[in-house]
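As structure tokens, the structure follows; a few thoughts come after it.
The values are calculated or read from the model by the stated rules, or taken from the named source; none is laboratory data. No experiment lies behind these values; they were computed from the predicted model shown. Cβ atoms come from the backbone with ideal geometry, glycine included; neighbour counts cover every protein chain shown. Ligands, DNA and RNA are excluded from the accessible area calculation, which covers all protein heavy atoms including side chains. Shrake-Rupley method; radii C 1.70, N 1.55, O 1.52, S 1.80 Å.
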Amino acid sequence: AVASPKFQDSRWVNGTWDLSRFGNTGGAVDWDAVIDAEARRRKWLEDSPEASSSEDAVVFDTSIIPWWAWIKRFHLPEAEKLNGRAAMVGFFMAYFVDSLTGVGLVDQMGNFFCKTLLFVAVAGVLLVRKNEDIDNLKKLIDESTFYDKQWQSTWQDDSPSGPKK
Amino acid sequence: ASRGALAAATMTSLSSSAAAARATFLPSSCRARPAGGRRSQLLVTRAAASSPKLPGGRKLRVAVVGGGPAGGAAAEALAKGGVETVLIERKMDNCKPCGGAIPLCMVSEFDLPLDLVDRRVTKMKMISPSNVAVDIGRTLAPHEYIGMVRREVLDDFLRTRAQKAGAEVLNGLFLRYEAPKERNGTYTVHYNHYDSSNGKVGGEKRSFEVDAIVGADGANSRVAKDMGAGDYEYAIAFQERVKIPDDKMRYYEERAEMYVGDDVSPDFYGWVFPKCDHVAVGTGTVTHKADIKKFQAATRLRAKDKIEGGKIIRVEAHPIPEHPRPKRVSGRVTLVGDAAGYVTKCSGEGIYFAAKSGRMCAEAIVAGSANGTRLVDESDLRKYLAEFDRLYWPTYKVLDILQKVFYRSNAAREAFVEMCADDYVQRMTFDSYLYKRVVPGNPIEDIKLAVNTIGSLVRATALRREMGKLTL
């Protein structure tokens, strides 16, 4: 990996993307192209890491790409699906609550339990997008309590045998 | 006064007149107790009253195994508290492979002379996988710095001070201990005595009796093995000491570098730390220990421009505990420092916690024994554990979360470096590192930080997804 060539791109100037070279026909910056170029650079560096240098410092910061460019690129294609899902889950939950309790849709809006259900539905749709996500979430919970268990083990056998001798 | 009389081999039958003469027995209710709530004070009183007074007015005897920061600090506090203390260290000039960074508060808390600090790091450079570099330390006040010490110097200083306080320091290798047969009996410590004066190689086997043992013998602790403390997960740290040309050394005069990325370590970071006249280049990992050489090469490559032409003067590797051992106390034997497993995640810091745990353990023994006049029991040692966990558990937990969130992938690491560019983050990080206190932040800043961090994470993850689609 040592002999691999340095990353080069005509638009990469002095440690950042020269935005003037990303203009599309209208003269505005084509942010999609910037995202593509940065993804390419990062991928390149992952495959062949480069020495960091203080003279030739990287100053590019992803936050200069405006938020709507990210939303347009990554969220909108997904949003249609999520909205649809949330609406369907929401509708059926409201339907079942109504049929089981007789509380109508309008009354449900003022009910704490129903608001909680709504929140759970939205959070669920956002968090579980694919089936694997359930496993990942489970793993995350295990992981986040693992360290606590490692620390607490000193005290575990303690409680029944407090003043034992 | 009678510390010299502690002839190592024949400690079993000690003269006790001198000890009795300076016995300063205080009623347990008015013993000074450092920090701690009302509950712990009540416990202290009860335990000391229940433990028997030592026969013949002799003093409590404690063996401290290991002469690092933990052992040194423990021995000093024990000796000062009127306990007869023996410290065993196998190699007096051991220079342990260790980053050697100490927080500012350690200098004042442990009264360290300033010339112990070789270098004062005021600039930390964090370098992301895509080589974005962020200087941390802009928010430091002029008097604030991270001290870099040489372990052989620090350890020796603490040991010498313990000796001056009255502890006996032995050069020897701890072999094993025997638990007492009867209830309030003594522990027998077996060790290999090294004596450089008679020129004999290998040392001779000796043993002595003590009332309690403090295991401060590091990651490969033999005390922990003997007491059945159980194992911990450990990281392997690999480090090369590189002597670099003077003009390159100037860059590292007050600067340390941290490299993150899958190339340098899948779960930790690679570092370049300045030492007295050279730099230490290293990396560590828990999950991929077999690949450590590869990670080291990657770290060297990433720092290449700055350490080029350097000569490797020393190569070291050492295990670093990831979490405390399942058992940290058994009877009158307890563990402190690395032996117990007090190393933080994320930053891998351990010197301060080692010294602190050693001192806290010693203070618990001194309090529980009423300045060495009574026998201690497990409940006294547990008080030190409870206090340590209470004080430092939040710090350990926060660093564990940080490591889990930000060291999990290159995308997260990019976000981490972006986050570290923020002045507020830097101030909070340094405050908690340098002074070891958790300062409540500013709620508005906290929310801003949370939003920014999530933004960074989302952007980095989005880019990551694009990268997955690419073939170069």
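If you go through region A:1-59 one residue at a time, how many are more than 30 Å from the chain's Cα centre (by Cα), touching a residue at least 24 places away in the same chain (Cβ under 8 Å) and either surrounded by 13 or more Cβ atoms within 10 Å (Cβ to Cβ) or within 17 Å of residue B:259 (Cβ to Cβ) (or both)?
2
Mind listing whichever residues of region A:126-140 are within 12 Å of chain B (Cβ to nearest Cβ) and open to solvent by 100 Å² or more (accessible area, probe 1.4 Å)?
A:139, the sole residue that qualifies.
Can you name the helices (runs of 4 or more DSSP H) wholly within region B:288-349 that have at least 1 residues being open to solvent by 10 Å² or more (accessible area, probe 1.4 Å) and more than 10 Å from chain A (Cβ to nearest Cβ)?
Result: B:292-302, B:337-340.
Go through (1) crowded, with 24+ Cβ neighbours inside 10 Å; (2) within 22 Å of residue B:155 (Cα to Cα) for residue B:363 and report which single condition fails.
In the conditions (1) crowded, with 24+ Cβ neighbours inside 10 Å; (2) within 22 Å of residue B:155 (Cα to Cα), residue B:363 misses (1) alone.
For residues that are assigned to a helix (DSSP H, G or I) and either within 19 Å of residue B:427 (Cβ to Cβ) or out of contact with any strand residue (DSSP E or B) (no Cβ under 8 Å at 6 or more places or on another chain) (or both), tally how many sit in region B:102-127.
6
Inside region A:37-64, can you point out the residues that are assigned to a helix (DSSP H, G or I), at the interface with chain B (Cβ under 7 Å from one of its Cβ atoms) and of a type outside the set (S, T, N, Q)?
Across region A:37-64, the qualifying residues are A:38, A:39, A:40, A:41, A:42, A:43, A:44, A:45, A:46, A:47.
What helices (runs of 4 or more DSSP H) lie completely within region B:378-472 and have 3 or more residues being away from chain A (no Cβ under 12 Å) and open to solvent by less than 50 Å² (accessible area, probe 1.4 Å)?
Answer list for region B:378-472: B:378-406, B:410-420, B:423-435.
Scan the strands (runs of 3 or more DSSP E) fully inside region B:128-238 and keep the ones with 2 or more residues being within 23 Å of residue B:283 (Cβ to Cβ) and open to solvent by 10 Å² or more (accessible area, probe 1.4 Å).
B:133-136
If you scan region A:65-74, which residues turn out to be facing chain B (nearest Cβ under 9 Å) and exposed (fewer than 14 other Cβ atoms within 10 Å of the Cβ)?
A:67
Given (1) within 14 Å of chain A (Cβ to nearest Cβ); (2) touching a Gly at 6+ places or on another chain (Cβ under 6 Å), identify the lone condition not met by residue B:149.
Failing condition for residue B:149: (1).
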